[in-house]
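Please read the structure below before turning to the comments.
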Amino acid sequence: MNLSKKLAAEFFGTFWLVFGGCGSAVLAAAYPELGIGFAGVALAFGLTVLTMAFAIGHISGCHLNPAVTVGLWAGKRFPASEVLPYIITQVVAAITASAVLYLIASGNETFSLAGGFASNGYGEHSPGGYNLTSALVAEMVLTFFFLFIILGSTDKRAPQGLAPIAIGLGLTLIHLISIPVTNTSVNPARSTGPALFVGGWAVAQLWLFWVAPLVGGLIAGFFYNWLGSEK
C-alpha cells in the first residue's frame with residue numbers, strides 16, 4: 001500500500017476517533033436527564049477504535065495516535081521513515097475533527113468553551129482534581145498498557161482477526177479508569193485538537209499529554225520487542 005493511501009486512512013480514522021470520542025463527551029455526556037456519563041464516553045472512544053480497526057487496519061494499521069506510531073516503531077513493527085508523516089496526519093485530523101465538533105456544538109446557545117470542550121487537564125482542570133504527578137503517572141502507565149495490548153493482540157502468534165476487539169475494549173477500560181484523572185488522553189493528537197480551541201490552560205498543560213503517552217508508548221514498544229522475542 002502506498003504512503004498516500006495509508007495517510008488518507010489515518011486521517012479519516014483519527015478524525016472518527018476524535019469526533020466520536022470527544023463528540024460524545026461534548027454533546028452527550030451531560031445531556032439533560034439522558035446523559036451517557038463517563039461510562040458512555042469511555043465506550044464511545046473504544047467503539048471508534050474498534051470500528052476503524054476493522055475498516056482501515058488492513059490499509060494503514062489504524063494507529064490514530066502518535067503514541068501508537070512511536071510504540072510500533074520501537075517494537076520494530078513500523079518503519080522510521082513513516083513515523084513523522086503519520087504523526088502530522090493524525091494531528092491535522094484531530095484538529096479538523098475538533099473544528100467540525102465546535103461548529104456543531106456552537107449551534108446550541110448554551111455551549112461554552114469554558115466547559116473544557118473535552119480537553120485534557122490536571123490540577124484544577126482534572127475532572128476529579130488530580131495533581132500533575134497523578135496525571136503524569138496515569139497517562140504513562142495507561143499508554144504503556146494500551147500499546148502492550150496492541151502489540152500482543154496483533155502478534156502473528158496471537159488469535160487472528162480478534163485484535164480490533166481487544167484494542168477497542170482496552171481503550172474503553174483505559175477511559176473507565178482515567179476520565180476522572182485527566183479526562184483521558186493516551187493520545188497526543190486527541191489532546192491537541194480540543195486544546196487549540198480552548199486555548200489558555202488547555203494549551204499550557206498540553207505538554208504532559210504529549211510527553212507521558214509518547215514515553216509510555218516507547219517503553220511498551222521496547223519491552224514487548226524483548227518479551228515477544230523467540231530468542
- Subset of segment 178-201, residues open to solvent by less than 30 Å² (accessible area, probe 1.4 Å) and touching a Pro at 6+ places or on another chain (Cβ under 7 Å), comes to 179, 185, 186, 187, 188, 189
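Of all residues in segment 216-231, count the ones that are open to solvent by less than 60 Å² (accessible area, probe 1.4 Å), at pLDDT below 95 and not small (Gly, Ala, Ser). I'd like the intermediate steps shown before the answer.
Initial filter on segment 216-231 (open to solvent by less than 60 Å² (accessible area, probe 1.4 Å)): 216-218, 220-221, 224-225, 228-229.
Those still in the list that are at pLDDT below 95 too: 225, 228-229.
Imposing the further condition that a residue be not small (Gly, Ala, Ser) reduces the set to 225.
Of the residues in segment 216-231, 1 are open to solvent by less than 60 Å² (accessible area, probe 1.4 Å), at pLDDT below 95 and not small (Gly, Ala, Ser).
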- Failed item, numbered, when residue 158 is tested on (1) over 19 Å from residue 74 (Cα atoms); (2) not in a loop (DSSP other than H, G, I, E, B): (2)
- Of all residues in segment 66-76, which are at positive phi and open to solvent by less than 10 Å² (accessible area, probe 1.4 Å)? none
- Note on the structure: In segment 77-88, anything within 15 Å of the chain's Cα centre (by Cα) and surrounded by fewer than 24 Cβ atoms within 10 Å (Cβ to Cβ) is listed as 87, 88
- In segment 14-63, anything of a type in the set (Ser, Thr, Tyr) and either buried (at least 18 other Cβ atoms within 10 Å of the Cβ) or touching a residue at least 24 places away in the same chain (Cβ under 8 Å) (or both) is listed as 14, 24, 48, 51, 60
- Among the candidates 55, 44, residue that is farther than 24 Å from residue 180 by Cβ and assigned to a helix (DSSP H, G or I): 55
- Which of the following residues is touching a Phe, Trp or Tyr at 6+ places or on another chain (Cβ under 7 Å), within 19 Å of residue 209 (Cβ to Cβ) and β-branched (Val, Ile, Thr): 89, 133? 89
- Query: Of all residues in segment 87-109, which are among the small types (Gly, Ala, Ser) and touching a residue at least 40 places away in the same chain (Cβ under 8 Å)?
  - Reply: 93, 94, 97, 98, 99, 105
- open to solvent by less than 60 Å² (accessible area, probe 1.4 Å) and more than 27 Å from residue 99 (Cβ to Cβ) - does that describe any residue in segment 203-215? yes
- Of the residues in segment 99-135, those that are open to solvent by less than 50 Å² (accessible area, probe 1.4 Å) and either of a type in the set (Val, Ile, Thr) or under 16 Å from the mean Cα position of the chain (by Cα) (or both) come to 117, 118, 119, 120, 121, 135
- Would you mind stating whether residue 91 is closer than 24 Å to residue 144 by Cα, assigned to a helix (DSSP H, G or I) and in contact with a Pro (Cβ under 8 Å, 6 or more places away or on another chain)? yes
- Query: In this structure, does residue 118 turn out to be part of a loop (DSSP other than H, G, I, E, B) and of a type in the set (Gly, Ala, Ser)?
  - Reply: yes
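The values are calculated or read from the model by the stated rules, or taken from the named source; none is laboratory data. If you're wondering where the values come from, they're calculated on a predicted model, not measured in any experiment. Positions of Cβ are generated from backbone atoms using ideal geometry, with glycine treated the same way; all protein chains shown enter the neighbour counts. Remember, those area values only see protein heavy atoms, side chains included, never the ligands or the DNA or RNA. Shrake-Rupley method; radii C 1.70, N 1.55, O 1.52, S 1.80 Å.
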